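Comments concern the structure below.
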Amino acid sequence: MVPPESDDNLRLEIGHVLFIDIVGYSKLLNEEQKERLNQLIEIVLATTPVREARDEQLVRLPTGDGMALVFRHSAEEPARCPLEIAEGRKHLARRIRDRWSGVFSLCVAGDTVPPHLD
């Protein structure tokens, strides 16, 4: 068991989180789920805020039918992502419908959120 950090060593920072998921994901066939999720990941990875973020600035957390993006350096970056995602969807042969529930800012203690998940 890992001992809890003392208050003296606890480092707090603000994380700005964008939650994204695919509309109707559970109603899709397994192959369609994989295809749509891969399309969403490809579009998200191509956005400027994600491409330009250094590893310690961005945490990507898979959520099953989407992802959460935690930006540690700017509240503007997660707000820019949905605009670029919407633009990226226009070029797909099979449209994906995603949704985001807004940008949330919250305290993140120390390294409780890993630097990145691939």
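With the condition being out of contact with any Gly (no Cβ under 8 Å at 6 or more places or on another chain), at pLDDT 90 or above and small (Gly, Ala, Ser), I'd like the helices (runs of 4 or more DSSP H) fully within the stretch 14-118 carrying at least 2 qualifying residues.
none
Checking ARG36 against (1) touching a strand residue (DSSP E or B) at 6+ places or on another chain (Cβ under 8 Å); (2) within 19 Å of VAL17 (Cβ to Cβ); (3) of a type in the set (Lys, Arg), which single condition isn't satisfied?
(2) is the only condition that ARG36 fails.
Would you point out the residue of the stretch 11-60, among those that are of a type in the set (Asp, Glu) and more than 22 Å from ALA79 (Cα to Cα), that is surrounded by the fewest Cβ atoms within 10 Å (Cβ to Cβ)?
Filtering the stretch 11-60 for residues that are of a type in the set (Asp, Glu) and more than 22 Å from ALA79 (Cα to Cα), the one surrounded by the fewest Cβ atoms within 10 Å (Cβ to Cβ) comes out as GLU31.
Residue by residue, here is whether (1) charged (D, E, K, R); (2) closer than 24 Å to CYS107 by Cβ holds:
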site: LYS34; (1), (2): yes, no
site: GLU52; (1), (2): yes, no
site: GLU76; (1), (2): yes, yes
site: GLY88; (1), (2): no, no
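Only residues in the stretch 27-45 that are charged (D, E, K, R) count as the first member; pair them with residues that are surrounded by 15 or more Cβ atoms within 10 Å (Cβ to Cβ), Cβ under 8 angstrom, at least 6 apart or cross-chain, and list the lot.
Listed pairs, sorted by first residue: ARG36/ILE22; ARG36/TYR25; ARG36/LEU28; ARG36/ILE96.
The values are calculated or read from the model by the stated rules, or taken from the named source; none is laboratory data. Predicted model, so just to flag it, every value in this text is computed and none were measured. Counting neighbours? That spans all protein chains shown, and the Cβs are built from the backbone with ideal geometry, glycine included.
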